[in-house]
Each structure stands twice: as C-alpha cells, then as structure tokens.
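Encoded as structure tokens, the structure appears first; notes follow it.
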Amino acid sequence: MHFSLPDLFPRGLHVERAARLASPADLVWATVGNLADGTIGEGLIERVEVTGEGAGAIRRFHLPGGLSLTERIEHHDPAERCYVYRMIDHGPLPFTRYLGCAQVLAAGPDAAVISWLAMAQPIDGEAEAAQATIEANLDHVMAALKRRFGG
C-alpha cells in the first residue's frame, strides 16, 4: 500500500485482523471496495447508504432501532485494493476518533488475504468495552467475508 496512515493523533486502541479467503483478490475487492455493499455488516446493519464516490464519500450504516454510524472515506485506491475511512458519527459506540483501513492482497491466482486495521480513542472509563466492540466488529467482518468467499 502506497498510502501510509499518518499518526494524526494518538489513539489508545489498535486492533488488526487478517483472513485468507478462497477467492481471487479482484473478486474480493469487488465486494470490499464497493462502499455500498452490505456484506461486511451482514446481520448487524439494516442498510448502507453512500453519498459520493471514492475519497470524500460518506457512508452511513443504519442499525436496528433507528441508530446509525457515519464514516468518511479518506482514501480509496482500487489499484492497491485498499481504503481508509474515518468515523465521523460514532453513535452509541464507546470510543471516538476511529480510523480504519481495509486492504485486499493477492495470495495466488485463486486466493486473497483481507487485512483490516482499526484505531480509536476510548471514551473515559470505556477502554475494555471499546476494545471488545472493535474486536467483535472486525471478527464479524472476517466471518462474513469467509462465508461469502470461503476461507
């Protein structure tokens, strides 16, 4: 990835996940890189709404009970199969200043690795809940992509 995540400000939490998928990287990217695709939120979100395209796009995840989370895409690079996003409305989540990066890497002609990084600052007294929430979300993303693409 040519885009480096600058250390814009310190974040207390850092979570990384990666999974091998049994599908070509371009096929996986067609889902992961499509900001309006709801695969990564299957079972957790009701719908995804996207305004704009690529860097600068706004993506809103609509959750049950009328709640939502909103992200701004900071970087979107189809050639590198990666994007960086910043949560701009955290809704009820126990953290703030969330920055994430997803990248799909080729692992041979018929396999890919999905790599996901998330950083955030827990709200005072919420460090354990924030860590658990981010880990559970990324674990959910990995499981959803494995169901879709094999793993």
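A single member of Met142, Met119 is at pLDDT below 95 and not acidic (Asp, Glu), and it is Met119.
Could you check, for region 27-37, whether at least one of its residues is among the β-branched types (Val, Ile, Thr), over 19 Å from Tyr98 (Cα atoms), surrounded by fewer than 16 Cβ atoms within 10 Å (Cβ to Cβ) and out of contact with any Pro (no Cβ under 8 Å at 6 or more places or on another chain)? Within region 27-37 (the criterion being among the β-branched types (Val, Ile, Thr), over 19 Å from Tyr98 (Cα atoms), surrounded by fewer than 16 Cβ atoms within 10 Å (Cβ to Cβ) and out of contact with any Pro (no Cβ under 8 Å at 6 or more places or on another chain)), the answer is no, since none of the residues qualifies. Residues considered: Gly43, Gly91, Gly65. Of these, the only one that is modelled with pLDDT under 95, small (Gly, Ala, Ser) and not in a loop (DSSP other than H, G, I, E, B) is Gly65. Number of residues in region 111-129 that are without any contact (Cβ under 8 Å) to a residue 12 or more places away in the chain and either touching a strand residue (DSSP E or B) at 6+ places or on another chain (Cβ under 7 Å) or not acidic (Asp, Glu) (or both): the value is 1. Comparison of Glu49, Glu53, Glu71, Glu80 shows that the only residue that is within 13 Å of the chain's Cα centre (by Cα) and among the charged types (D, E, K, R) is Glu71. Would a scan of region 53-73 turn up a residue that is buried (at least 17 other Cβ atoms within 10 Å of the Cβ), farther than 21 Å from Gln131 by Cβ and in contact (Cβ under 8 Å) with a residue 60 or more places away in the chain? No, region 53-73 contains no residue that is buried (at least 17 other Cβ atoms within 10 Å of the Cβ), farther than 21 Å from Gln131 by Cβ and in contact (Cβ under 8 Å) with a residue 60 or more places away in the chain.
Screening the candidates Arg81, Arg97 for the property of being modelled with pLDDT of 95 or more and of a type in the set (Lys, Arg) yields one hit, Arg81. Count of region 108-151 residues, restricted to those that are over 19 Å from Gly91 (Cβ atoms) and either surrounded by 15 or more Cβ atoms within 10 Å (Cβ to Cβ) or within 14 Å of the chain's Cα centre (by Cα) (or both), is 16. Only residues that are among the acidic types (Asp, Glu) and closer than 26 Å to Gly52 by Cα were counted across region 85-130, and they come to 1.
The values are calculated or read from the model by the stated rules, or taken from the named source; none is laboratory data. For clarity, every value in this text was computed on a predicted model and none was experimentally measured. Every residue, glycine among them, receives a Cβ derived from its backbone with ideal geometry; neighbour counts consider all protein chains shown.
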